[in-house]
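Shown next, in structure tokens, is the structure this report addresses.
The values are calculated or read from the model by the stated rules, or taken from the named source; none is laboratory data. Everything quoted here is computed from the prediction, not taken from an experiment. Backbone-built Cβ (ideal geometry, glycine too); neighbour counts: all protein chains shown.
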């Protein structure tokens, strides 16, 4: 996909509204990047510049647990569920694409503070370094990384059995036509959602065949997304006391997930309200300028937004 095509595709989608769930009460959570839904608890971590620390927060946004899992990290950017009381932590960020290998950790989480020696595994790309912020743990027992690029990324698949003593070589998988900042699997294990800064894509898993794209609510720097066991979808953003929002998939995507129009997987227990975010592009811009001005504006906005957001 071209730069213009990728950015225009991200803009030409209707946005959904978001219902605030809570704001992170802990000022230490200043760059939430990665989000895991454990039901009554949520898990997040700070990204580049943050230490080897995972935060557990309750339904009011209060930090109720912290896990320190190693001595030092390079650029943590992602989380993925690993079980009822564990998460995978992805030290996979590489803005300069200079790291010969990246690391993942399997970290216990829960209420209370703890320091553990979490198992760690080195991962190596088959075609050189990549920047990435999205980590998935599939029902096949394999980790997947979705790389981050302005014109889209690619899925890389880890071996099913990871060796803690030597580098584990990743295998190249499908392309993803989105500037991916996080991803999460649906409870059925057959669908995945990949988010960018302003939009998200729902796709089949593990083929990543797109089913639809939609706009996300405005956030300072949206880099977290989770799907709970009930199918609820939540998104987080960088920023001190930033809010976690719950979003509802557009009806046409819900229908594709269920393969029948009347079902609504991913529907919120409390439907999202509000109107400012749920406005399509054509409602905001006059149609005569869509073909020219919008395309140029989309490219310029995307590039400027990337330069502003990549502060680290």
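For the reader, a short list of remarks on this structure follows.
- Matching entry among 44, 67 (being under 14 Å from the mean Cα position of the chain (by Cα), in contact (Cβ under 8 Å) with a residue 24 or more places away in the chain and either surrounded by 22 or more Cβ atoms within 10 Å (Cβ to Cβ) or assigned to a loop (DSSP other than H, G, I, E, B) (or both)): 44
- Selection status of residue 154, without any contact (Cβ under 8 Å) to a residue 40 or more places away in the chain and touching a strand residue (DSSP E or B) at 6+ places or on another chain (Cβ under 9 Å): yes
- Meets criteria (closer than 29 Å to residue 177 by Cβ and modelled with pLDDT of 95 or more) for residue 141: yes
- Scanning segment 160-187 for residues that are over 16 Å from residue 130 (Cα atoms) and within 18 Å of the chain's Cα centre (by Cα) turns up 183, 184, 185, 186, 187.
- Within segment 192-211, considering residues that are at negative phi and more than 14 Å from the chain's Cα centre (by Cα), the one surrounded by the most Cβ atoms within 10 Å (Cβ to Cβ): 205
- Every residue from segment 70-82 that is within 20 Å of the chain's Cα centre (by Cα) and either at pLDDT below 95 or not in a strand (DSSP E or B) (or both): 73, 74, 75, 76, 77
- Of the strands (runs of 3 or more DSSP E) lying entirely inside segment 117-179, those containing at least 3 residues that are farther than 17 Å from residue 103 by Cβ are 153-157, 171-176.
- Filter result (touching a helix residue (DSSP H, G or I) at 6+ places or on another chain (Cβ under 8 Å) and part of a loop (DSSP other than H, G, I, E, B)) within segment 189-221: 196, 197, 198, 221
- Scanning segment 98-138 for residues that are out of contact with any strand residue (DSSP E or B) (no Cβ under 8 Å at 6 or more places or on another chain) and over 18 Å from residue 168 (Cα atoms) gives a single hit, 117.
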